[in-house]
Amino acid sequence: MTSSPLTPEISLNPLPQSDGSCQYTCPTSRTTILTSVNGPLEVRPKDELPNHATIEVIVKPGIGVAGVRETRLSSLIHSTLQSLILTNHHPRTLIQIVAQIVQAEDHTSLPLLLTPLINCTILSLLIAGIPMRTVGWSVHLAILQGPAGGKGIKSTEGQVLKLQKSGDDDKMETDEEGEQIVVRNPNSEVLGLAKSSHTLTFSKEGEVLLIESLECSQGSGGKSADGQGWDITDFLKLAGEGRRICCEEGVEIIREALADRKVF
Amino acid sequence: MSTLTPQVGSQPPPLTFSTSLFRQISPALYLQRHFLRSPPTRPNGRSPSQCRDFTLTTNSLSHAHGSAVVRAGDTAVVCGIRGEILTVAPGDDPSRFESYHSSPTSATHACGSRGAGGASWGGLIVPNVELSTGCSKKYPLGPPGGLAQTLSDQLHELINVTKLVSLDSLRIYDGDGDGGITSTTKIKGYWSLYVDVLCISLDGNILDAAWYAIVAALKSSRLPLASWNQTEERIFCDASLYHPISLRQSLPFTTTFALIPLPHSEDNGGETAVLLNDPDSYEEDEACEILTILSTTDFDPVRGDLSRLPSTGLRTRVEKIEKRGGWKVGLTQIESCTHLAASKAARYIQSLTKEQLTPV
């Protein structure tokens, strides 16, 4: 299963009692998520929709009881799935998705958890045979700025650095800030050095499903934070790269994982 | 639904409704009819890229250290800032308050320091949103629901992403607070800011209004001058001296867009969705996709002219993009939304400066 350092470890149907389940381990940060999908089930009358299936997403934290962060994660996953699942195929039913965070480097970090959660959920939906419009794949990219941050990473995480953009083939705007290094699926150590973090989810057709991009450089705030952020043209370039990863490699990973299951 | 489709140029439709009934029973079709007009107009009279006018009043609450009331259309929020002193005990490590993103490898972080709102950083600025004030029919009284929780977390993230407040201005030093000392051993305490956002009336796009209220309230806050008293071994506040909280020079603002899908028909010219700036709650209910852009702009409120904004291309830097739900917003649309976000940020800055200049 672990052919390349960037292929996630996927185990399908670890929970035989549920309609579909999946365990996903991020190759670099070792974030492990276990999801189970049940549906279509009977829906509580309160949540019943006359011509759509109700989607319920429950995110269970690795430590403690669910809080504000888990509510936010589940609402993000919910809105992504809403556009993927063909809810009108099972009206007046419930599709219940439970995602348990099994292992994480940082249980509070939204960017580190979101990509594994989405990928794992999509795989378990496929296993459960829930009708979907298309499949999606999520990738987490972190931009490290300048040569100092880059060197620290190269020595420790040599093989992780898959995608490299050097400043010379880009236009003027990156030249002034030095070269830009993009790290795919960063772990929390790399993310700590990153300038910005981008969680991008694209469908197989290249449609934008979810973008969660944020500035994450260190600092004590105030005036030192002036001028942070990125130019929109840089972001579009990065999003194009993310789209390529999701549409080519992501879809390939799904296909390989489900190869002997005759889902497609 | 097909009976409602009017046949262009022929006999009137067989079934007619009053406009208000049409609005209630078929929101999607009602919105679509509006967008098919030329120029496209929303039911509230705005064009798709037009945002609502907003008003700002600062420091109207006398018991808070700073406050702001923001009203945009029928959305009104109050934000109050209350500072409380956090004493650093001799054994404490003040470095965990010194950065907006605490070092991910530190031990406290690894074992999950889950404070309020899952605060990874010591939590010197704690936002909270209250929606259950009867602001909308959808949010009954009771414990905070999904939206209020998500919103609190989003605002907390915005504070961390923007690093809005200089942590230096929240430190309380040993001595007379001369600020020249940077050694952490001299730090005796911190100001912890409780940022409470209360929604009075909710008519869509609460995030933009809440964030603007927070920025304005923090900008107008005055904290009492606190210093460490050597003999009493306590922190004392000066009764008459106040100092402002130092914020960033370039203030970032959020702009939210909603994408409304159009039912498939031949008379909308291939367009399958309309992107609306600053949606109200009627539009939000129908929206399948929400796009939020946090950006700064180099607009100068003193010399800049707001009326000539579109022609003068503003330099803008984006600090956060969040797009959720749906699949119809393309990357090119995000680019054009960034320009709209920049001009909205310029308007925010303009009104904030105006508010600061008016004598109280």
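The table for this structure:
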item: Residue match in region B:160-170 (condition: at pLDDT below 90, closer than 22 Å to B:Ala342 by Cβ, within 14 Å of chain A (Cβ to nearest Cβ) and assigned to a helix (DSSP H, G or I)); result: yes
item: Answer residue from region A:228-240, given it is within 7 Å of chain B (Cβ to nearest Cβ) and free of Cβ contacts under 8 Å to residues at least 60 places away in the same chain and is farthest from B:Ser250 (Cα to Cα) among those; result: A:Ala239
item: Pairs where the first residue, in region A:77-95, is without any contact (Cβ under 8 Å) to a residue 40 or more places away in the chain and the second is of a type in the set (A, V, I, L, M) and in a loop (DSSP other than H, G, I, E, B), C-beta under 6 Å, 6+ apart; result: A:Thr87/A:Ala53
item: Top-ranked residue of region A:201-226 - restricted to ones that are surrounded by fewer than 22 Cβ atoms within 10 Å (Cβ to Cβ) and within 7 Å of another protein chain (Cβ to nearest Cβ), ranked as nearest to A:Leu112 (Cα to Cα); result: A:Gln218
item: Matching option when the condition is in contact with a strand residue (DSSP E or B) (Cβ under 8 Å, 6 or more places away or on another chain) and away from every other protein chain (no Cβ under 11 Å), among A:Thr54, A:Thr80; result: A:Thr54
item: So B:Ile125, is it hydrophobic (A, V, I, L, M, F, W, C), open to solvent by 30 Å² or more (accessible area, probe 1.4 Å), within 30 Å of A:Gly64 (Cα to Cα) and modelled with pLDDT of 85 or more; result: no
item: Complete set of residues in region A:87-114 that are of a type outside the set (A, V, I, L, M), closer than 23 Å to A:Pro27 by Cβ and assigned to a loop (DSSP other than H, G, I, E, B); result: A:Glu105, A:Asp106, A:His107, A:Thr108, A:Ser109
item: In region B:129-159, the residues that are more than 7 Å from chain A (Cβ to nearest Cβ), open to solvent by less than 10 Å² (accessible area, probe 1.4 Å) and free of Cβ contacts under 8 Å to residues at least 40 places away in the same chain; result: B:Ala148
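The values are calculated or read from the model by the stated rules, or taken from the named source; none is laboratory data. Being a predicted model, the structure only gives us computed values, none of them experimental. Virtual Cβ from ideal backbone geometry, glycine too; neighbours counted across all protein chains shown. Heavy atoms of the whole protein, side chains included, go into the accessibility calculation; ligands, DNA and RNA do not. Shrake-Rupley method; radii C 1.70, N 1.55, O 1.52, S 1.80 Å.
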